[in-house]
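This report refers to the structure that appears directly beneath it.
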Amino acid sequence: MPGIDQSSESNDLNLSWSENGTLISDGFDDVFYNQNNGLEETRYVFMQGNHITERLQQPGELVIGETGFGTGLNFLATWLAFKQNATPTTTLTFVSCEKFLLDVETIKKAHQQFPEVADVSQQLCEQFPVLKRGTQIIDFEGGRIRLVLLLGDATDVWHDYDGRVDAWYLDGFAPSKNPSMWNAKLYREMARHSHNNTTLATFTAVGDVRRGLAEEGFAIERVKGYAHKKHMTVGKYERALYQNVGSAPWFRIPKSQPSVKNIAIIGAGLAGTSLAYELQNLGASIHIFDKGPAPASGASGNPTGMILPVLAKQEDPLASLGEIALPLIRQELKDLDITFENLVEDRAYSPNKAQKLQAAIERLPDAWLHEAVTPEYDLELLAQAHFPLGLSTSPKQLCENLLKASQVTTHYETAIHSITKVDKNWHITDPQGKTYSFSHVIIANAFDAKQFEQCDFIPFRPARGQLVVIPEKFVKKSIPHTINYGHYVIPQKDGSLLVGATFDVDDNQHDLRHSDSIMLLEKFIKHFPTCLSDSVEKILPHLLTRVAVRCLTPDHFPVIGPIPDFAFHRKEYSELHFGKAASHYPGAQYQDGLYICSGFGSRGILFSSIAAKIIHSQITGRNPILPANLAKHILPNRFLIKKYQKTPR
């Protein structure tokens, strides 16, 4: 059930339970599902009305759009049907909007009426979102089922979503109970995401609803309703093929992609190993190349890394990307049996950082971020917060486990020097002149991507980082959890403390610097004066030290997606600065089979999983993960478009 219409005057569902355990909204004077048998009603109205069982028996992606998630019963019923009917190559993407997402305990209680969904309900509840806003993505069945929750106003979130829908579950409280949900704007958004094989089904047969849908291009039929209901409505869109018109034409990615025969991934750090793991189900042979002697030889090889939220004073695209990415990497760590420590503390010593931290505390739920008590001894501290879902873990172990779980051929100590297109394949060449041929190549070697001419347009910048590990014998007072204080400290399992890291932009040297080690120790002692037993001079000779180079972008977003067709972009978009309407421009073209996944900066762990899923969707033509207003920030061609949009001097 249901998405409450976002224009409703009341945002309070006023939940209660009937005597037989049915969830009710007293605020809308309606039930969330049929009191007699909600599961069977779902199967009759939405699944039978859209021929879901038959369609799941076809290969490829089936995309279902729903106008209200409610208790998730429609999703669970469809999931069960997938398990029973889907072919090995069938995938399901279930996109549902909801403004008032129920809490997980209410979801659990609602599902107790339906023992048949117990197993899938448990899996859903284990990954249920903490944040009740933005876009949330949850993968099940090894990624073959993807739940995309669009949290917010129905017409707004569907407007931002840039993907097709094959079947609509038009659900919600009855039109008489919530008339403002059933409106022309919603029907128009449904039509915009539909193609000439898109179907719809809804429990209502109200005339205004049928006429509104018909006006937007749906051929409507009134049929027998469930149980005692006389009628319900089914329909089929008849006007045109879907076009991803949510995004600007220069940020569109064609749905029709070349077939995947074999894939080369250049780089065996977090980006590369995550790609190998995510792409292994494509049935293509995957080869991963790295100049180092083992995976995670670069920045991904640090002993421990942390995940912090992206702080912003107000709603921010980079923060939103992080909010989508965090649950995905947390689940991946669990799936791979990698241990991680929950809770990261963030401290602010500047007015600007303190304002960002305080604004985030006020905007986000306590389960995501909440205020912490300021230590009395740290007089310079202006604000402090705990991030319960923040974590610290070993990026090196993550890379190793990703590869162990993947079917991939590794080529270590094999630097790739060039990438060239020969006929329909990409040829990559090592220093000895040996050439390998692949249908797809993904560049995932951080700042080293700059050596390839295809990446020269991306303004990557290196940032050298040096960290130290203080041995346990010098630790007089332990640190309870990871703390970010400008630098950061991560307690290690053996009692030592990892302190990092310097951040030297435009420095790509790997030399160990005595001055950096002294600075890190002195800053640590300043903020934690009672933790160490000896002076800097006595500890310094015993430090373990590591240097790595991160890869940055000027806008702080990662670079994820296909390499653009430069001649096409120059021809079609070089006059964007004149300000003509977007409708005058054709959709973008790219270099078939060539992708990049880089520019993670200091957020390699956070962005690794979502980046791999984005590339997977782009390669296969599966519905996009990100809404259009976020996707434009990560695509490689954004740097070309930004240049073309500026007025030439």
For the chain, the Debye formula with one identical point scatterer on each Cα and no solvent gives log10 I(q)/I(0) at q = 0.08, 0.09 Å⁻¹ as -0.64, -0.81
Here the gain from full extension of residue 341 to residue 223, 0.36 nm per residue of separation minus their alpha-carbon distance, amounts to 37.0 nm
Could you work out the Rg to Rh ratio of the stretch 36-168, with Rh taken as the Kirkwood radius (inverse of the mean 1/r over all Cα pairs)?
0.93
Where the centre of each part is set by its Cα atoms, how far does the stretch 20-37 sit from the stretch 263-301, in angstrom?
50 Å
I'd like the FRET efficiency for residue 540 and residue 472, computed as 1/(1 + (r/R0)^6) with the beta carbon distance as r and R0 of 25 Å, rounded to 0.05.
0.95
When ranked by the protection proxy of mean other Cβ atoms within 10 Å per residue, highest first, what sequence do the peptides 615-627, 83-95 form?
615-627, 83-95
What is the spin-label model distance, in nm, from residue 518 to residue 184 if the labels are put 7 Å beyond Cα along the C-beta direction?
7.4 nm
Given points 7 Å out from each Cα along the Cα-Cβ axis, report the residue 506 to residue 570 separation in nanometres with one decimal.
2.7 nm
Here the net charge surrounding residue 318, from other residues whose Cβ is less than 11 Å away from its Cβ (Lys, Arg +1; Asp, Glu -1), is -3
Projected onto their principal axes, the Cα atoms of the stretch 338-463 stretch, largest extent first, over whole-Å spans of 64, 34, 27
Tell me, what HN-Hα J-couplings in whole Hz come from the Karplus equation 6.51 cos²θ - 1.76 cosθ + 1.60 at θ = phi - 60° for each residue of the stretch 304-315, using x for Gly and Pro?
8, x, 10, 10, 10, x, 7, 8, 8, 6, 9, 3
Proximal lysine pairs in the stretch 282-433, meaning Cα under 28 Å and 8 or more positions apart or interchain, come to 9
Proximal lysines relative to residue 230, as straight alpha-carbon distance under 20 Å, when same-chain residues fewer than 8 apart are discounted:
177
The stretch 311-393: percent of C-alpha pairs farther apart than 16 Å?
57 percent
Note down the net charge around residue 503, summing +1 for each Lys or Arg and -1 for each Asp or Glu among other residues with Cβ under 9 Å from its Cβ.
+1
What distance in nm lies between label points placed 7 Å from Cα along the C-beta direction at residue 580 and residue 363?
3.7 nm
If amide hydrogens are placed 1.01 Å from N in the peptide plane, which non-local residues have theirs closer than 5 Å to the one on residue 288?
265, 409, 410, 411
Got a sec to turn the phi values of the stretch 584-600 into Karplus ³J(HN,Hα) couplings, 6.51 cos²θ - 1.76 cosθ + 1.60 with θ = phi - 60°, whole Hz, x for Gly and Pro?
7, 10, x, x, 5, 10, 10, 7, 3, x, 10, 10, 9, 9, 7, x, 6
Antiparallel versus total DSSP beta bridges in the chain: what percent is that, nearest 5?
65 percent
Write down the accessible area per residue of the chain in Å², having rolled a 1.4 Å probe over the full set of protein chains.
41 Å²
Which is farthest toward the positive dipole end of the stretch 101-177 among 165, 115, 148, measuring Cα position about the Cα centre, with Cβ charges +1 (Lys, Arg) and -1 (Asp, Glu)?
115
Carbon and sulfur %, accessible surface of the chain computed with the full protein complex present, 1.4 Å:
49 percent
Once the other residues with Cβ under 10 Å from the Cβ of residue 482 are scored (Lys, Arg +1; Asp, Glu -1), what is the net sum?
-3
Given charges at beta-carbon only (K, R positive; D, E negative), |dipole| of the stretch 62-120 in Debye
40 debye
Whichever aspartates and glutamates have a C-alpha closer than 12 Å to that of residue 236, once near sequence neighbours (fewer than 8 apart) are set aside
166, 216, 221
Is the shape of the stretch 202-308 best called rounded, prolate or oblate, per the rule: a/c under 1.5 gives rounded, else a/b larger than b/c gives prolate, else oblate, with a ≥ b ≥ c the square roots of the Cα gyration tensor eigenvalues?
prolate
Quick one: P(r) of the stretch 479-557 from all Cα-Cα pairs, 10 Å bins, percents rounded to integers, in order of increasing distance.
15, 48, 29, 8, 0
Given backbone amide H placed at 1.01 Å from N, residues whose amide H is under 5 Å from that of residue 145, ignoring those fewer than 5 places away on the same chain, are 92, 140
Please report, largest first and rounded to whole Å, the three semi-axes of the ellipsoid equivalent to the stretch 406-484, where each semi-axis is the square root of five times an eigenvalue of the C-alpha gyration tensor.
40, 17, 12
In µm²/s, what is D for the stretch 432-529 at 4 °C and 1.567 mPa s, where D = kT/(6 pi eta Rh) by Stokes-Einstein and Rh is the Kirkwood radius from Cα pairs?
78 µm²/s
Expressed as a rounded percentage, what relative contact order does the chain have, with Cα pairs under 8 Å and six or more residues apart?
13 percent
Residue by residue through the stretch 409-419, which ³J(HN,Hα) values in whole Hz follow from phi under the Karplus form 6.51 cos²θ - 1.76 cosθ + 1.60 (θ = phi - 60°), with glycine and proline marked x?
9, 9, 10, 8, 6, 10, 6, 9, 9, 8, 10
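The values are calculated or read from the model by the stated rules, or taken from the named source; none is laboratory data. The structure presented is a predicted model; accordingly, all values stated were derived computationally and were not measured. Neighbour counts are summed over all protein chains in view; Cβ atoms, including those assigned to glycine, are modelled from backbone coordinates with ideal geometry. Ligands, DNA and RNA are stripped out before the accessible areas are found, and what is left, the full protein with its side chains, is counted by its heavy atoms. Shrake-Rupley method; radii C 1.70, N 1.55, O 1.52, S 1.80 Å.
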